[in-house]
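I have placed the structure first, in the form of structure tokens, so that the comments after it can refer back to it.
The values are calculated or read from the model by the stated rules, or taken from the named source; none is laboratory data. Computed from a prediction, not measured in an experiment: that's the story for all the values here. So basically every Cβ, Gly included, is an ideal-geometry build from the backbone, and we count neighbours across all protein chains shown.
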Amino acid sequence: MSNIVLNVTLSNGSLDVDQTGNGNQIPHGENDTITWQLTGSAASGQFNAMNASNPGFSWTQTTPDGVFGSATVQANGNQIQISDNNTDPNGVNSAGTWIYRLYATIGGTQYSTKTIPSPRSVTNNPTIQNM
């Protein structure tokens with residue numbers, strides 16, 4: 001089990017997830033923890049609570065049962081973590097690409113990764129891809 005860390009910063013008025021080097025791709029057969037960390041220009045902020053009207057983390061489509069754990073806010077709000085169980089023996093149920101949404105409040109302003117009029121954001125659809 002490894003811990004994948006995806007850094008989240010502010011860029012052009014929205015949350016930007018650094019997926020360079022295919023950091024969002026989880027090889028088949030792995031059971032990993034994925035952590036989103038507010039860094040750089042977003043380091044002073046906090047991810048929204050999971051029970052907020054705009055939760056810190058949410059999927060934009062239904063994911064297969066048993067593949068992903070529940071998202072939890074960690075490190076005084078500076079991180080969100082989920083588990084990714086990409087170990088389906090046939091690679092059928094756990095393989096795929098899923099788009100998610102993040103919300104954080106930084107300096108009293110709410111930001112997200114989704115295109116909506118408010119809070120500020122752009123079309124940046126970060127994904128988790130189980131190979």
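Of the residues ALA42, ALA95, only one is at pLDDT 90 or above, small (Gly, Ala, Ser) and under 15 Å from the mean Cα position of the chain (by Cα); which?
Numbers: ALA95 fails: under 15 Å from the mean Cα position of the chain (by Cα).
On inspection, the qualifying residue turns out to be ALA42.
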Breaking point among (1) closer than 17 Å to ASN130 by Cβ; (2) hydrophobic (A, V, I, L, M, F, W, C); (3) surrounded by fewer than 16 Cβ atoms within 10 Å (Cβ to Cβ), for ILE26 | (3)
Flagged pairs (Cβ under 7 angstrom, 6 or more apart or on separate chains; first in region 15-39, within 22 Å of GLY56 (Cα to Cα); second among the charged types (D, E, K, R)) are ILE26/ASP32; ILE26/ASP84; ASP32/ASP84; ILE34/ASP84
Of the conditions (1) surrounded by 20 or more Cβ atoms within 10 Å (Cβ to Cβ); (2) assigned to a strand (DSSP E or B); (3) under 14 Å from the mean Cα position of the chain (by Cα); (4) at pLDDT below 95, LYS114 fails just one. Which one is it?
-> (2)
Restricting region 72-98 to residues that are in a loop (DSSP other than H, G, I, E, B) and touching a Ser or Thr at 6+ places or on another chain (Cβ under 8 Å), which is surrounded by the most Cβ atoms within 10 Å (Cβ to Cβ)?
-> SER94
Test set (1) closer than 20 Å to SER2 by Cβ; (2) of a type in the set (A, V, I, L, M); (3) surrounded by fewer than 19 Cβ atoms within 10 Å (Cβ to Cβ); (4) within 15 Å of the chain's Cα centre (by Cα) - MET131 fails condition number | (4)
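Restricting attention to region 1-58, which residues are small (Gly, Ala, Ser) and assigned to a strand (DSSP E or B)?
Those that are small (Gly, Ala, Ser) and assigned to a strand (DSSP E or B): SER11, SER14, SER58.
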